[in-house]
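Below: one structure, written as structure tokens.
The values are calculated or read from the model by the stated rules, or taken from the named source; none is laboratory data. Everything numeric here is computed off the predicted structure, so don't read it as measured data. Accessible surface areas use protein heavy atoms only, side chains included; no ligands, DNA or RNA. Shrake-Rupley method; radii C 1.70, N 1.55, O 1.52, S 1.80 Å.
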Amino acid sequence: GADLESGRPTLLYRSAVHHPSDIPTDRWVRFFVHQCEWARVHYPNDQVLVLVDRVGSGLSNQDPTVLRALAPVIVDHYPDTIGRVLIAPVNNVLYVIWGLVSLILDPTTKSRMKLVKGNDWKDRLVRYMDAEKIPVRLGGTNQVL
């Protein structure tokens with residue numbers, strides 16, 4: 001997929017299929033680094049869009065340990081690789097957590113993060129990406145993803 005603003009290639013992460021106890025944190029970090037390095041090789045002049053699909057995600061899928069481990073990796077090593085992060089749908093609990101986490105982020109990193117919440121979150125997500133590139137479960141028309 002690609003975003004509407006700049007045509008950035010998209011990395012899709014489905015948090016509903018993440019189970020914190022299944023894979024150690026260091027393996028998640030290595031996986032993320034691998035994905036960023038793959039994007040650098042295949043799209044050397046582009047930033048990527050990270051789309052976090054939270055449909056069906058609940059408390060059992062939340063993994064603050066992974067987020068704490070990934071944050072410095074992203075900020076220190078990939079600040080120019082990640083162009084935007086879209087997280088959808090976002091509930092009130094995650095929005096409050098984001099409010100706390102965002103306090104420690106620099107303004108550039110914070111501006112790249114978009115939490116898509118509200119009853120119209122699917123309509124709002126289409127403002128950032130072409131509907132053909134968004135999975136059906138997120139309000140798009142892509143049957144493959």
message = Spelling out what I want: for every residue of segment 124-137, take phi, set θ = phi - 60°, compute 6.51 cos²θ - 1.76 cosθ + 1.60 (Karplus), and round to whole Hz; glycine and proline get x.
response = 5, 5, 5, 5, 9, 9, 5, 4, 5, 9, 9, x, 3, 4
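Ignoring any ligand, DNA or RNA, what whole percent of the accessible area of the chain comes from carbon and sulfur when the probe is 1.4 angstrom?
Working: 4850 of 8540 Å².
It is 57 percent, rounded to a whole number.
Per residue, how many Å² of accessible area does the chain show with a 1.4 Å probe? If you can, show how the numbers build up before the last one.
Numbers: 8540 Å² over 145 residues.
Per residue, the chain has 59 Å² of solvent-accessible surface.
Looking at the chain, what % of the alpha carbon pairs are farther apart than 26 Å? Intermediate results must be reported in sequence, preceding the final value.
Values: 2155 of 10440 pairs.
Of all Cα-Cα pairs in the chain, 21 percent lie more than 26 Å apart.
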task = Report, in whole Å, the centroid distance computed from the Cα atoms of segment 26-46 and segment 90-112.
result = 23
